[in-house]
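Right, one structure below, let's go through it.
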Amino acid sequence: MKSNKRNNIHLADVAKMRRNPAFTTMVKPVGATCNLDCAYCYYRDKAEIYNAQRMVMSEQLLEMYIKQYLEAVDLPIVTFCWHGGEPLLAGIDFYRKAVELQQRYAAGRRIENTLQTNGTLIDEEWCRFFRENDFLVGVSLDGPEDVHDAYRRDCGGAPTFAKVMDAIALMRGSGVEYNILATVNARSEGRGAEVYNFLKGISRFIQFLPVVEYVRRRDDEGKRPLIVSPDDEGAEPAPWSVSATAYGRFMCDVFDEWMKADVGHCFVQLFDITLANWCGVPPSLCAFCETCGDAPVVEHNGDVYSCDHFVYPEYRLGNILQGSLADMYTSEEQRSFGRDKREALPMECKRCTYNFLCRGECPKHRFATSRNGEPYMNVLCEGYKMFFRHTDPYMRYMKMLLQKERSPMEVMQWARQRNK
């Protein structure tokens, strides 16, 4: 999302520029390479940027990335986020080397590793490695079998649910720390309570990610449609996308189930973020911050882009073989990208009661038009408004409990009385 709005610099922006760098990176050691062919994957098409060649980060580049990142970030705890494509395709020796290099350049700081995987390649050896090196593993699982397998199939079209469940059983038995990332898509619509109750039996930590994409059909029959910008000629809504109201209803249904008995026991990312914003605490996810730009992505060949959702030539900041990761993060190009999230916000959003909770959400979803014709309106706006209205009294009550240094879990008893 590039806007023609004036990019104003606020006092908070100046303070941020003067602070020592404190940012995260998402690193793609195999780029967009994956052993699955998930229908809604926005990243698989990125292989075309690199002519679909085999993409694996070299050991030399791995060392340069780790060294530059640790030199750039002034934090006592530094987190590495391994992503893809399917990052396990890099092989276990790649990550053994990564851990060795992290310790070499850590300079006494604590290193944490997170890795997002489709789960289908996890075996006992991977589990031992994850446990011994304290990796937090995010597993993509959309819900019960029919929901998951609707769009998450391998390159031969075979379902993947059983393999993912086997991997989760292995990790649980091995003591690996893991959580769940579930997309909310067309197959999930109307099934919020069912999906949540299934997933909470697998992990106490769940992230729900709405899927809203546009596609363009290819001339070659049999090839997956290309995920494109809504502005592209021939673009049409993807059949797997969730509607705004369906997403809002889904999250309200999940919240109602969570409020019955799970507050303080299960942790749903959107609920944590919403409460954080109610309490004036910076949320953990950039999509709900006023500005963004604190999470550039590093590709398998060292290319650096402004964001995981904006891996397009116009958002390329450079390459760590020719420049410094720190300089790219502090560049005016990246700062402007981050401020644009705020400056491009339509007036309807700025006047909205729930702007302090939403902040326009992620720019990747801001391709609708406001009531007065302004661009860059979030296509999921009505769904978020539905969720924020529904949760408003409960969030206010939990905020009050926290201010009084009481447990937010008390909200469950209050909710039961309120809803009699």
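Assorted remarks:
- Once you divide the Cα radius of gyration of segment 298-420 by 2.2 N^0.38 Å, the number left is 1.47.
- Per residue, the accessible area of the chain comes to 45 Å², computed with a 1.4 Å probe over protein heavy atoms only.
- Each peptide in 112-119, 160-167, 97-104 gets a packing score, the mean of other Cβ atoms within 10 Å over its residues, and the list from highest to lowest is 112-119, 160-167, 97-104.
- Modelled this way, with points 7 Å down the Cα-to-C-beta line, the labels at Leu321 and Ser370 are 4.4 nm from one another.
- Along segment 31-47 the Karplus relation, 6.51 cos²θ - 1.76 cosθ + 1.60 evaluated at θ = phi - 60°, assigns HN-Hα couplings of x, 8, 4, 8, 8, 10, 10, 5, 4, 8, 5, 7, 9, 4, 5, 5, 4 Hz to successive residues, with x for each Gly and Pro.
- As a fraction of the 1.4 Å probe accessible area of segment 130-249, surface on carbon and sulfur atoms comes out at 46 percent.
- Distance (nanometres) between label positions extended 7 Å along Cα→Cβ at Thr353 and Leu226: 4.4 nm
- Sorting Glu314, Glu177, Glu189, Glu213 by accessible area puts them as Glu177, Glu314, Glu189, Glu213; the probe is 1.4 Å, largest comes first, and only protein heavy atoms count.
- Each principal axis of the chain carries a Cα extent, and these read 62, 55, 52 Å when sorted largest first.
- Share of carbon and sulfur in the accessible heavy-atom surface of segment 305-367 [1.4 Å probe, %]: 51 percent
- Three principal axis extents of segment 170-211 based on alpha-carbon atoms, in descending order, are 34, 18, 14 Å.
The values are calculated or read from the model by the stated rules, or taken from the named source; none is laboratory data. Just so it is clear, the model here is predicted, and its values are computed rather than measured. Note: ideal-geometry Cβ built from the backbone for every residue, glycine included; neighbour counts use all protein chains shown. For the accessible areas, the whole protein counts, side chains as well, though only heavy atoms, and no ligand, DNA or RNA atoms are used. Shrake-Rupley method; radii C 1.70, N 1.55, O 1.52, S 1.80 Å.
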